Each structure stands twice: as structure tokens, then as C-alpha cells.
1. Which one of these does LYS2 not meet: (1) in contact with a strand residue (DSSP E or B) (Cβ under 8 Å, 6 or more places away or on another chain); (2) basic (Lys, Arg); (3) modelled with pLDDT of 80 or more?
2. Is there a residue in the stretch 117-135 that is without any contact (Cβ under 8 Å) to a residue 40 or more places away in the chain and in contact with a Gly (Cβ under 8 Å, 6 or more places away or on another chain)?
3. Considering only residues that are touching a residue at least 40 places away in the same chain (Cβ under 8 Å) and outside any strand (DSSP E or B), look in the stretch 1-26 and name the one that is farthest from the chain's Cα centre (by Cα).
4. Hey, among the residues in the stretch 88-147 that are closer than 18 Å to GLY23 by Cβ and part of a loop (DSSP other than H, G, I, E, B), which one's modelled with the highest pLDDT?
5. Residues in the stretch 29-49: is at least one in contact with a helix residue (DSSP H, G or I) (Cβ under 8 Å, 6 or more places away or on another chain), assigned to a loop (DSSP other than H, G, I, E, B) and modelled with pLDDT of 65 or more?
Amino acid sequence: MKFLCVDCDQQMEFADREQPGDGTFAAAFRCPKCGRRIAMLANPMESQLVNSLGIKIGGSPLESQPEDLVRSGLVADPGAAPGTPEPSGRTRPAWTEDAEQRLTRVPTFVRGMVKRIYTDYAVERGITRITPAVMDRARTDLGLESF
């Protein structure tokens, strides 16, 4: 994604990025011709998605092996069996039937991402079973109540 200055028809340059600590991030861009600045603010869910994909805001040149990004995403399969080691070395939590049922209410096109968010939350906290109560706690802790 690139931002263009409407007045100058120039590609905006990355200026800076801030993470205020509330789960959001802001990125500022500047037009090299006229100096106009714009900012983009991402909510906690968008921030989690960007971070989980390993995207660096502001852009960076592609590594010599761009397919490594695809491979790294395949390693952390949210549908892998419970007990499967995560890249962090921790064990993947099991999902209770109630939690799986609740997950079916999430639109299919984002279900994998949502499952990954809850799985990461559980793994980071040493939780071995994901229940609806764990999902509720994660929503609160991650600031996702409005979603």
C-alpha cells in the first residue's frame, strides 16, 4: 500500500511510527514535494494483524528470499493439533467444544486470524485450554470489546 499526495501526485514518504502502548499504532507520512503530512491510526485488532504478519510499517526492501514470509506464516498454523509446539517452544492449547462453537460465529474470512489471536494470547500466558471465559478475558485484555 502506498499513499499519494493528491495535490502533487507524489508518493508520500514514511516519516515516523508511534505505539502509544494501548494496542494501537500510528504511522505518519510526508510528501517530499510540498511537505504535507498525513497519519494513519490502527486500532488494536489491526495492530495485532499487522504484527502477526511481521509487516514493518514504513516499508523496507524485500529480503533476498521473499517466500520466507509465506513459509513463516505456514509454520504457525492456528488449526494445528493441541500439544503441537509453537515456534516459541511452548505447547499449543486445546480448544473446548464451547469455544470452538463460539468461533463458528466469526465470519469465515477472518476466522483463522481470530483463532490465531486467541491461540497466541493463550500461549503467551501459559493457558493450556481455550474456553469462552478465556476468549472473554482476551477480548478485554487486548482491547477488542468493540469488535
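The values are calculated or read from the model by the stated rules, or taken from the named source; none is laboratory data. Everything numeric in this text was worked out from a predicted model, so none of it was measured. So basically every Cβ, Gly included, is an ideal-geometry build from the backbone, and we count neighbours across all protein chains shown.
1. (3)
2. no
3. Only one residue tops the list, namely ASP22.
4. LEU142
5. There is no residue in the stretch 29-49 that is in contact with a helix residue (DSSP H, G or I) (Cβ under 8 Å, 6 or more places away or on another chain), assigned to a loop (DSSP other than H, G, I, E, B) and modelled with pLDDT of 65 or more.
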